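Notes follow once the structure below has been shown.
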Amino acid sequence: MMRPKSQIVNLPVYQPGKPIEDVKRELGLDEVIKLASNENPYGPSPKVREAILKEMENLSIYPDGGAVELTADLADFLGVNTDQIIFGCGSDEIIALIARAFFVPGDETIMADQTFSVYKSNSDIEGAVSIEVPLADGKHDLDAMLAKVSDRTKIIWICNPNNPTGTILSEQEMTAFLDKVPADVMVILDEAYCEFVTDPSYPNGLQFLEKYPNVVVLRTFSKIYGLASLRIGYGVARPEIIKLINKVREPFNTTRAAQAAAKAALKDQEHVSNCRKANAAGIVQIQEAFDRLGLKYFPAHGNFIMVDVGKPGAEVFDSLLRKGIIVRAGHSKYPTFIRVSVGTEEQNKAFIHALEQVLNEEKAHA
Ligand SMILES: *Cc1c(COP(=O)(O)O)cnc(C)c1O
């Protein structure tokens, strides 16, 4: 019998948000609203379509493995050097590449409980030992995480805003933390949702790169830029680190279409700004409804909200599904919560209406 790496035998398979097509088919619904994967309900900039159509002529030609043009544009936009950037098939791939480049079995790695599950799965695959530190009020407990640092610690994962809770760490909190992390421990700062944040205390992670050579910032075109299906994200760090990660990258890990789309999306910052404003309004809309319904939630800073529905989240998930609304549940540390992505005003309204019905129906049965 084939023998896989022992650490992958019991590895759980990632459970993605339920696809709209499946829900329509299984439940015989015509209209389904997916608020489960933190996608941009407005889609990408209209300029992206044109850029991709142009690439139709080049389908038989390998992409530029180094994404030279996109790297130049992005470096310019971010104010960093081109040798500080690496692109991946989503920032998910950058996480995998970092784990692959740095972990040897027995290394320790520290992350929040709960946070984005991809950190732990990739650490597991490489044989690293994950030390999960409970969140405090839905926020990273940075002091408790620091207390877990040992001689074996190689990487600390920080998700800001945190998925799934949506909380942020302030500039002050991050600086105090980074000051105490040993120089040979890498800090991976995942900022997949940074473009949505409007709170002035929130730091731009790139500012830490100068003073702290052990920091890697991860970002993506999947969320506010609306390009989730094309799979393109990036890491920014010191050139020495980028060089190492590049060694384990497949030569053609991002496609021509994705690179062209990202270039066009990056140019349209007006679209980004409009999406940020619409999202902020959506958060207010949904949180006001939660307040009215007496539901507690974590302060949301990304494009999703974690709310305590006061009963098993999985049941509310199922009831909402039957009404054609897909959300996220099954958070082991937050069994009575659901996570809902911020949609358009109409989608949010439909979600609120359905949730109200579901909670009232269940009350009536009790
Ligand atoms: C969505 C997400 C990502 C990355 O998504 P990609 O589509 O792989 O770029 C990374 N981190 C967090 C916390 C996310 O929620």
**OP:** Could you list, in sequence order, all residues of the stretch 242-252 that are touching a residue at least 40 places away in the same chain (Cβ under 8 Å) and open to solvent by 20 Å² or more (accessible area, probe 1.4 Å)?
**Re:** LYS243, LEU244, ASN246, LYS247, VAL248, ARG249, PRO251, PHE252
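From the list LYS47, LYS34, which one is within 16 Å of the ligand (Cβ to nearest atom), of a type in the set (D, E, K, R) and surrounded by 14 or more Cβ atoms within 10 Å (Cβ to Cβ)? Before you say what the answer is, go through the steps one by one.
Details: LYS47 fails: within 16 Å of the ligand (Cβ to nearest atom).
From the options LYS47, LYS34, the qualifying one is LYS34.
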Original post:
Where residues in the stretch 60-80 are within 22 Å of GLU250 (Cα to Cα), in contact (Cβ under 8 Å) with a residue 40 or more places away in the chain and open to solvent by 80 Å² or more (accessible area, probe 1.4 Å), which of them is farthest from the chain's Cα centre (by Cα)?
Top reply: ILE61
Original post:
How many of the residues making up the stretch 326-353 are over 24 Å from CYS275 (Cβ atoms) and surrounded by 20 or more Cβ atoms within 10 Å (Cβ to Cβ)?
Top reply: 3
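Within the stretch 209-216, identify whether any single residue is more than 10 Å from the ligand (Cβ to nearest atom), in a loop (DSSP other than H, G, I, E, B), among the acidic types (Asp, Glu) and touching a His at 6+ places or on another chain (Cβ under 9 Å), and answer yes or no.
Keep residues of the stretch 209-216 that are more than 10 Å from the ligand (Cβ to nearest atom), which gives 209-216.
Adding the requirement that they be in a loop (DSSP other than H, G, I, E, B) leaves 209-214.
Of the ones still in play, those that are also among the acidic types (Asp, Glu) are 210.
Remaining after also requiring touching a His at 6+ places or on another chain (Cβ under 9 Å): none.
Within the stretch 209-216, not a single residue is more than 10 Å from the ligand (Cβ to nearest atom), in a loop (DSSP other than H, G, I, E, B), among the acidic types (Asp, Glu) and touching a His at 6+ places or on another chain (Cβ under 9 Å).
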Original post:
Would you call ASP151 farther than 30 Å from GLY43 by Cα, more than 16 Å from the ligand (Cβ to nearest atom) and modelled with pLDDT of 95 or more?
Top reply: yes
Original post:
Within the stretch 172-190, is there a residue that is within 16 Å of the chain's Cα centre (by Cα), modelled with pLDDT of 95 or more and among the small types (Gly, Ala, Ser)?
Top reply: no
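If you check PRO299, PRO312, which single one turns out to be open to solvent by 20 Å² or more (accessible area, probe 1.4 Å), more than 16 Å from the ligand (Cβ to nearest atom), over 19 Å from the mean Cα position of the chain (by Cα) and assigned by TED's automatic domain parsing to the domain that holds ILE326? Before the answer, list the steps.
Numbers: PRO299 fails: over 19 Å from the mean Cα position of the chain (by Cα).
None of the others qualify; the one that does is PRO312.
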**OP:** Please verify whether the stretch 228-240 includes one or more residues that are more than 11 Å from the ligand (Cβ to nearest atom) and crowded, with 24+ Cβ neighbours inside 10 Å.
**Re:** yes
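Of these, PRO161, PRO134, which one is modelled with pLDDT of 95 or more, more than 15 Å from the ligand (Cβ to nearest atom), in contact with a helix residue (DSSP H, G or I) (Cβ under 9 Å, 6 or more places away or on another chain) and closer than 23 Å to PHE304 by Cβ? If you could, list the steps in order and put the result at the bottom.
Numbers: PRO161 fails: more than 15 Å from the ligand (Cβ to nearest atom).
It is PRO134.
Residue-wise test of (1) outside any strand (DSSP E or B); (2) of a type in the set (Asp, Glu); (3) touching a Leu at 6+ places or on another chain (Cβ under 7 Å); (4) at pLDDT 95 or above.
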position: TYR225; (1), (2), (3), (4): yes, no, no, yes
position: GLY235; (1), (2), (3), (4): no, no, yes, yes
position: GLU240; (1), (2), (3), (4): yes, yes, no, yes
position: LYS243; (1), (2), (3), (4): yes, no, no, yes
Subject >> Yes/no for GLU288 being open to solvent by 20 Å² or more (accessible area, probe 1.4 Å), part of a helix (DSSP H, G or I), in contact (Cβ under 8 Å) with a residue 40 or more places away in the chain and not hydrophobic (A, V, I, L, M, F, W, C) >> reply: no
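Out of everything in the stretch 83-93 that is in a helix (DSSP H, G or I) and either aromatic (Phe, Trp, Tyr) or more than 12 Å from the ligand (Cβ to nearest atom) (or both), what residue ends up being surrounded by the fewest Cβ atoms within 10 Å (Cβ to Cβ)? Quick ask: steps written out before the conclusion?
First, the residues of the stretch 83-93 that are in a helix (DSSP H, G or I): 83-84, 90-93.
This time we only want the ones that are either aromatic (Phe, Trp, Tyr) or more than 12 Å from the ligand (Cβ to nearest atom) (or both), so: 83-84.
Numbers: ASP83: 15, GLN84: 21.
If we take residues in the stretch 83-93 being in a helix (DSSP H, G or I) and either aromatic (Phe, Trp, Tyr) or more than 12 Å from the ligand (Cβ to nearest atom) (or both), then ASP83 is surrounded by the fewest Cβ atoms within 10 Å (Cβ to Cβ).
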**OP:** Search the stretch 192-208 for residues being out of contact with any Asp or Glu (no Cβ under 7 Å at 6 or more places or on another chain), of a type in the set (S, T, N, Q) and outside any helix (DSSP H, G or I), and hand back the single one that is surrounded by the most Cβ atoms within 10 Å (Cβ to Cβ).
**Re:** ASN204
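Out of all the residues in the stretch 94-119, which are of a type in the set (Val, Ile, Thr) and part of a helix (DSSP H, G or I)? Spell out how you get there, then give the answer.
Going residue by residue through the stretch 94-119, those that are of a type in the set (Val, Ile, Thr) are 94-95, 98, 104, 109-110, 115, 118.
ILE94, ILE95, ILE98, VAL118, listed by residue number.
The values are calculated or read from the model by the stated rules, or taken from the named source; none is laboratory data. Note that the coordinates shown come from a computational prediction; the quantities given were computed from them, not determined experimentally. Ideal geometry is used to build each Cβ from the backbone, glycine not excepted, and the neighbour counts take in all protein chains shown. SASA here: full protein model, heavy atoms, side chains in, ligands and nucleic acids out. Shrake-Rupley method; radii C 1.70, N 1.55, O 1.52, S 1.80 Å.
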